[in-house]
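Everything below concerns the one structure shown next.
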Amino acid sequence: MKAIALQPGTKNLRLADWAEPTIQQPDQIKVKVLQVGICGTDREEASGGRADAPPGEKELIIGHEMVSQIVEVGSAVKNFKPQDHVVFTVRRGCNKCPACLAWRFDLCTTGNYTERGIRARHGFQSEFVVDSQDFAIPVPAELSKIAVMTEPMSVVEKAIDEASIIQTARIPYLNKGQDWLSGKTVLVAGLGPIGLLAAIILRLRGATVIGLDVVDDNSPRAKILKQMGGTYVNDRSIVMKDFLVKYPHIELIVEAAGIAALDFSLIEMLGINGIMVLTGVPGDQRLNNVDGAGLMRQLVLKNQVVVGSVNASIDHFKRGIQDFQSASKQWPGLLEQLITQRYSFENFEEALNHHSADEIKVIIEWNK
Ligand SMILES: [Zn+2]
Ligand SMILES: [Zn+2]
């Protein structure tokens, strides 16, 4: 079969002829890969950044955001059958720490987890993949065209879940049986795939959503946000004083920009008792000038929380699928608009290197 293989730590990426995986254990599923998404992690790997080949191997098949269709199941697989659509999760636990033993690999404390397509396990940029049914998330057929975004959706589900859990636990009156997000004002910073998926979840939960980016008002990102009832604010034309008068009670900021200088300035927008959840991973090494004392004063005097969130649990993948279902009913055709570029696997280099101004989600197509 064909696969996109990388020599970790280099820019040597090739379309390789690779041995097709076969079912080795009764609980395994073999799938043909339909689509694989590309994100900043893939681009970082392909430019010589963070990535590891499996032990004893020189190359890593990249790719961690996928949707696929089952071609074969092992003898112990009961809940899946050929033709079903599935998404495989990314992280596998260390099998040692309490978090991993409780199947919360995303909270692994030893750091000895592995990740398909990133760390010590081959990824999904190939024609076929085999994995255990334990890591397969069922996808309704009607979502098969957009389910390639399930992995980034799971990351956002976790981030919003973390904020909800913390806020309802520490501020008891928020917890009245209904979703605490209902009626709250939330700022989403950065309207790439993560930011727009966050806006979808927040709108589904009844929040008022303000989306911040630096694109024009009539760009796809801003338009998609407005279609779901969000308000677009251009960061280039923002006057902080006016913003704070207009939106004095921002109770949650979902950070999805990964730009440290911007993120520090965002904290100023957070309301009393508010929480900010960080999902972006800044790629640069530049030092930032921060008014540290002012920042600390604000966090203390306003009872504010800043929390980071990475990866997701299996339940977050499942919740992502549920929210895709709700979103496609509420805003038909909206999720499809998030996939702005599609490339055949032969053109993987263009998919990884080409950046268009209107880009949101780039995907590689393996099979129809
Ligand atoms: Zn990704
Ligand atoms: Zn662990």
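Where a number appears in this text, it was derived from the coordinates with a stated rule and is not lab data. No experiment lies behind these values; they were computed from the predicted model shown. Cβ atoms come from the backbone with ideal geometry, glycine included; neighbour counts cover every protein chain shown.
The table that follows gives values for the structure above.
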{"read-out": "Charge sum, other residues only, whose C-beta stays under 11 Å from T22's C-beta, Lys/Arg counted +1 and Asp/Glu -1", "value": "-1"}
{"read-out": "The chain - percent relative contact order, Cα under 8 Å, separation 6 or more", "value": "18"}
{"read-out": "Translational diffusion of the stretch 120-176, µm² s⁻¹ [Kirkwood Rh, Cα pairs; Stokes-Einstein; 10 °C; 1.306 mPa s]", "value": "109"}
{"read-out": "Rel. contact order, % - alpha carbon contacts under 8 angstrom, at least six apart, the stretch 153-308", "value": "22"}
{"read-out": "D (Stokes-Einstein, µm²/s), Kirkwood Cα radius, the stretch 175-256, 1.567 mPa s at 4 °C", "value": "101"}
{"read-out": "Alpha carbon Rg of the stretch 121-244, scaled by the compact-globule rule 2.2 N^0.38 Å", "value": "1.28"}
{"read-out": "The chain: DSSP helices with Cα axial extent of at least 27 Å and average Kyte-Doolittle hydropathy no lower than -1.0", "value": "150-170"}
{"read-out": "Using distinct alpha-carbon pairs, which all enter the 1/r mean, Kirkwood radius of the chain in Å", "value": "21.4"}
{"read-out": "Phi to ³J(HN,Hα) by Karplus 6.51 cos²θ - 1.76 cosθ + 1.60 over the stretch 107-118, Hz, x for Gly, Pro", "value": "10, 3, 9, 7, x, 9, 6, 10, 9, 5, x, 10"}
{"read-out": "Distribution of pairwise C-alpha distances over the stretch 1-156, 10 Å bins, in %", "value": "12, 39, 39, 11, 0"}
{"read-out": "Nitroxide proxy distance, nm - points 7 Å out along Cα→Cβ at E350 and K302", "value": "4.6"}
{"read-out": "Order of W366, W180, W331 under a 10 Å beta carbon neighbour criterion, fewest first", "value": "W331, W180, W366"}
{"read-out": "Convex hull projection area averaged over all views, the stretch 1-92, Cα basis, nm²", "value": "6.4"}
{"read-out": "Dipole magnitude (debye, nearest 20) for the stretch 153-308, charges at Cβ of Lys, Arg, Asp, Glu", "value": "360"}
{"read-out": "In nm, spacing of pseudo-spin labels at K78 and D179 (7 Å Cα→C-beta vector)", "value": "3.3"}
{"read-out": "Radius of gyration, Dmax [the stretch 92-152; alpha carbons; angstrom]", "value": "13.6, 39"}
{"read-out": "Cα Rg over Rh - the stretch 329-368, Kirkwood", "value": "1.05"}
{"read-out": "Magnitude of the charge dipole, the chain, Cβ model with Lys/Arg +1 and Asp/Glu -1, debye to 20", "value": "800"}
{"read-out": "Neighbour-count ranking [beta-carbon atoms within 10 angstrom, fewest first] of I165, I360", "value": "I165, I360"}
{"read-out": "Amide H contacts of G308 (H built 1.01 Å from N, under 5 Å, at least 5 apart or other chain)", "value": "L278"}
{"read-out": "Size of the stretch 153-308 as Cα extents on the principal axes (Å, biggest first)", "value": "40, 39, 31"}
{"read-out": "Among 187-199, 225-237, 119-131, the order from most to least packed when residues are scored by Cβ within 10 Å on average", "value": "187-199, 119-131, 225-237"}
{"read-out": "Inter-probe distance in nm under a simple model that places probes 7 Å from Cα toward Cβ, at V245 and K11", "value": "5.0"}
{"read-out": "Viscosity 1.567 mPa s, 4 °C: Kirkwood-radius Stokes-Einstein D of the stretch 292-354 over Cα pairs, µm²/s", "value": "79"}
